[in-house]
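Q: I have a structure I would like to understand better, so I am pasting it below and will then ask my questions one at a time.
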Protein chains: 2
Amino acid sequence: MSSNPTWVLRRFPSGLPATDDFRLEDRPEPVPGPGELLVRTLWLSVDPYMRARLSTAQNYAAGQALGEMMVGGGVGEVIRSESPLFQPGEIVLSDDFGWQPVTKVPAASALRLDPSAAPVQTALGCLGMPGLTAYFALLHTGSPKAGETVLISAASGAVGQVAGQIARIKGLDPVAVAGSEDKLDSCRSMGYRAGINHRGADLQAAIAEACPKGIDVFLDNTAGPIHDAALLNMNRFGRIVVVGTVALASRFDQPDIGPRYLRRFLVQRLRMEGFLLDDFEAQYATARAQLLQWYRQGKLTPREDVLEGIDQVPAAFVRMLKGENFGKQLVRL
Amino acid sequence: MSSNPTWVLRRFPSGLPATDDFRLEDRPEPVPGPGELLVRTLWLSVDPYMRARLSTAQNYAAGQALGEMMVGGGVGEVIRSESPLFQPGEIVLSDDFGWQPVTKVPAASALRLDPSAAPVQTALGCLGMPGLTAYFALLHTGSPKAGETVLISAASGAVGQVAGQIARIKGLDPVAVAGSEDKLDSCRSMGYRAGINHRGADLQAAIAEACPKGIDVFLDNTAGPIHDAALLNMNRFGRIVVVGTVALASRFDQPDIGPRYLRRFLVQRLRMEGFLLDDFEAQYATARAQLLQWYRQGKLTPREDVLEGIDQVPAAFVRMLKGENFGKQLVRL
């Protein structure tokens, strides 16, 4: 039985997860049961939602048990199929990949990929969950009108980079918030009109300068101080879409204390709404087709940040939570 | 020239306004110009929005200047008309009444009232601005579905009492938050299913007990600790309508620091929206007709809290901001 190094959860992180919250175990290759596929992992994805699973608190995602294998999105090649729906050699996407080189996934959770349409790892990025998140959060929940200013935090990240490009395609005025000048340069090259370094001095003033007409739609991928500074620049009838709270990752189980803006909500008639991609499942196919079309037209260019090898999965996860990634964080096996 | 005791703003309040922030001056009766009406004041209204005008901060309402006459909603009898639209003897409603026994209002801001349809002061309460606020905040911004639980703060106040009755009429499940057992009894007699005293011990637990199925729509008339406790009881896809922030009246120009719930917004897909009645002006006539119909059918019963005489206007205003009123706060001259 071949060796299959597998990451398990060693302990629940108390703040920001660290690589030693995980343990690499030598496990045998899994044996697929009826309706399951045995898959050779090609790519693993690390995403902010995974932080929420590493907690005993009530959440939108089912929790991860201690000592159990870590699970997440991946792309791989079918090496054995116990389902009539898939054949060995096919490439599949699933949210149920274990963090291991050979894993099994339920055929019902797998989506067949066409490697001739786009590089397969884009199914984990601009053509997958982050791309769909950007698409629905901006175009549906954000309800933008042509010409409006859209502020996007974590703008060079997996969701932000796609949101900025969609905003440009749709005739909006996208402005980036990111954590380095390099990232902001990348954002501008993707179509963002302006960029703000959130590690600078006066974030509220910097946003005001970059958004002289104010903010109409704010795609909030971080919460925290960026949220606060953006709120104070929102236009009347502005919309705030709460897509992620990665700035709270290091104090996940503690209350977030800070200024509240209810009076501003009233005076400016702001609308703030929490976003979860699952709610749009019925429209995934349409959105995927649109994203693929933009990709093939050269209007949607992905930027990826790739670490190599199964050893690197926890490091990639921590790196992404700290905002050290530059583009969609992936691990190639 | 007859004496016409008139309230002016003596100083901007630093926190909760006090009666000595105002000064009573002996002024002559005003002289109406072209397009203006001279009116004998019958009723004056004091409303939370007036607090916002007593500040130099940017706001939705134009500011009140120091040393100038206080202005607000009122009902009165036309004693002289410089407009072809109105005749002496007619009863009019306007937002431009001075706090004085005889005042002048622009005919363009005046609405003629039919004293045979309902007592004229209801045009300042359940059939006027507070009634319209309850109507649009609940039925439009709140987007309630039949059977949903609606939590309403300041529930026996001008807006809350109407909102609770509309919720009952529409087949919703209204739950009151108010500051005394007497007020809660009154709320229940008006149609609220349950009531919570916000001066009790554990507000979050009390709301959970009174709303066993959670809160679907929260009409927030206060902000502050009631808002916080309600937020923690919101159902998935719950809507929070920010109608007022009277709990912040005593620290109006200071930041409001406290717990923030962005993570909960995301997990529960909550929507929070600021409400301002002006945005619904095009639909006032329809809503007024509906409110009047409910009133005449006995489905909408107003409760009023009346002080007597021009001397009492600042006291009525402060009383209302402190939540000491029991029903719509009015002053009868």
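Q: Can you tell me how many residues in the stretch A:168-183 are touching a Phe, Trp or Tyr at 6+ places or on another chain (Cβ under 8 Å) and surrounded by 21 or more Cβ atoms within 10 Å (Cβ to Cβ)?
A: The number of residues fulfilling the criteria is 4.
Q: Please pick out the residue among B:Ser143, B:Ser81 that is of a type in the set (Ser, Thr, Tyr) and under 21 Å from the mean Cα position of the chain (by Cα).
A: Within the list B:Ser143, B:Ser81, the selection yields B:Ser143.
Q: Report, ordered by the first and then the second residue, all pairs with beta carbons closer than 8 Å, sequence separation of six or more or different chains, a first member in the stretch B:249-275 that is more than 7 Å from chain A (Cβ to nearest Cβ), and a second member that is surrounded by fewer than 20 Cβ atoms within 10 Å (Cβ to Cβ) and in a strand (DSSP E or B).
A: Listed pairs, sorted by first residue: B:Tyr261/A:Asp256.
Q: A further question on this structure: Away from every other protein chain (no Cβ under 13 Å), modelled with pLDDT under 95 and surrounded by fewer than 18 Cβ atoms within 10 Å (Cβ to Cβ): which single residue out of B:Glu308, B:Glu324 fits that description?
A: Every option except B:Glu324 fails the conditions.
Q: Let me ask something else about it. For A:Leu93, state whether it is in a strand (DSSP E or B), in the same structural domain as A:Val241 (by TED's automatic domain parsing) and on the phi < 0 side of the Ramachandran plot.
A: For A:Leu93, the condition - in a strand (DSSP E or B), in the same structural domain as A:Val241 (by TED's automatic domain parsing) and on the phi < 0 side of the Ramachandran plot - is not met.
Q: Looking at (1) assigned to a loop (DSSP other than H, G, I, E, B); (2) modelled with pLDDT of 95 or more; (3) surrounded by 24 or more Cβ atoms within 10 Å (Cβ to Cβ), which one does B:Gly147 not meet, given that it meets all the others?
A: The one condition B:Gly147 does not meet is (3).
Q: When the stretch B:167-221 is examined, which residues are found to be in a helix (DSSP H, G or I) and among the polar types (S, T, N, Q)?
A: B:Ser186, B:Ser189, B:Gln204, listed by residue number.
Q: Which of the residues spanning the stretch B:310-333 are in a loop (DSSP other than H, G, I, E, B) and farther than 19 Å from B:Ala123 by Cα?
A: If the condition is that a residue be in a loop (DSSP other than H, G, I, E, B) and farther than 19 Å from B:Ala123 by Cα, then B:Lys322, B:Gly323, B:Glu324 are the ones that fit.
Q: Examine the stretch A:278-295 for a residue that is more than 14 Å from chain B (Cβ to nearest Cβ), β-branched (Val, Ile, Thr) and surrounded by fewer than 17 Cβ atoms within 10 Å (Cβ to Cβ), and state whether such a residue exists.
A: yes
Q: I'm trying to understand the selection: among the residues of the stretch B:249-274, which are more than 20 Å from B:Tyr49 (Cβ to Cβ) and in a strand (DSSP E or B)?
A: B:Ile257, B:Gly258, B:Pro259, B:Arg260, B:Arg271
Q: With respect to A:Lys170, determine if the residue is among the basic types (Lys, Arg) and within 23 Å of A:Leu266 (Cα to Cα).
A: no
Q: Let me ask something else about it. Hey, any hits in the stretch A:186-203 for a residue that's β-branched (Val, Ile, Thr), closer than 24 Å to A:Gly323 by Cα and within 11 Å of another protein chain (Cβ to nearest Cβ)?
A: No, the stretch A:186-203 contains no residue that is β-branched (Val, Ile, Thr), closer than 24 Å to A:Gly323 by Cα and within 11 Å of another protein chain (Cβ to nearest Cβ).
Q: Return yes or no: is B:Ser83 in contact with a helix residue (DSSP H, G or I) (Cβ under 8 Å, 6 or more places away or on another chain) and not in a loop (DSSP other than H, G, I, E, B)?
A: no
Q: Sticking with this structure for a sec: From the list B:Gly224, B:Gly214, B:Gly244, pick out the single residue that is more than 30 Å from B:Pro17 (Cβ to Cβ) and in the same structural domain as B:Asp182 (by TED's automatic domain parsing).
A: B:Gly214
Q: May I pose another question? In the stretch B:215-226, how many are more than 11 Å from chain A (Cβ to nearest Cβ) and farther than 16 Å from B:Tyr192 by Cα?
A: 2
Q: Give the residue that is farthest from B:Val306 (Cα to Cα), with candidates limited to residues of the stretch B:155-166 that are assigned to a loop (DSSP other than H, G, I, E, B) and modelled with pLDDT under 95.
A: The qualifying residue farthest from B:Val306 (Cα to Cα) is B:Ser156.
Q: Just to check your reading of the model, which residue among B:Gly63, B:Gly35 is touching a Ser or Thr at 6+ places or on another chain (Cβ under 7 Å), within 14 Å of chain A (Cβ to nearest Cβ) and over 21 Å from B:Asp311 (Cβ atoms)?
A: After ruling out the rest, the residue left standing is B:Gly63.
Q: Can you name the residue in the stretch A:227-248 that is outside any strand (DSSP E or B), within 25 Å of B:Asp220 (Cβ to Cβ) and among the aliphatic types (A, V, I, L, M) and is also farthest from the other protein chains (Cβ to nearest Cβ) among such residues?
A: For the stretch A:227-248, the residue satisfying everything is A:Ala229.
Q: Within the stretch A:130-143, track down each residue that is touching a residue at least 40 places away in the same chain (Cβ under 8 Å), surrounded by fewer than 20 Cβ atoms within 10 Å (Cβ to Cβ) and on the phi < 0 side of the Ramachandran plot.
A: Once the filter is applied, which keeps residues that are touching a residue at least 40 places away in the same chain (Cβ under 8 Å), surrounded by fewer than 20 Cβ atoms within 10 Å (Cβ to Cβ) and on the phi < 0 side of the Ramachandran plot, the stretch A:130-143 yields only A:His140.
Q: Another question about this same structure. Can you tell me which residue within the stretch A:191-237, out of those that are on the phi > 0 side of the Ramachandran plot and surrounded by fewer than 21 Cβ atoms within 10 Å (Cβ to Cβ), is modelled with the lowest pLDDT?
A: Among those that are on the phi > 0 side of the Ramachandran plot and surrounded by fewer than 21 Cβ atoms within 10 Å (Cβ to Cβ), it is A:Gly191.
The values are calculated or read from the model by the stated rules, or taken from the named source; none is laboratory data. Treat the numbers as computed from the prediction; the structure is a model and nothing was measured. Neighbour counts run over all protein chains shown; Cβ positions are idealised from the backbone, glycine included.
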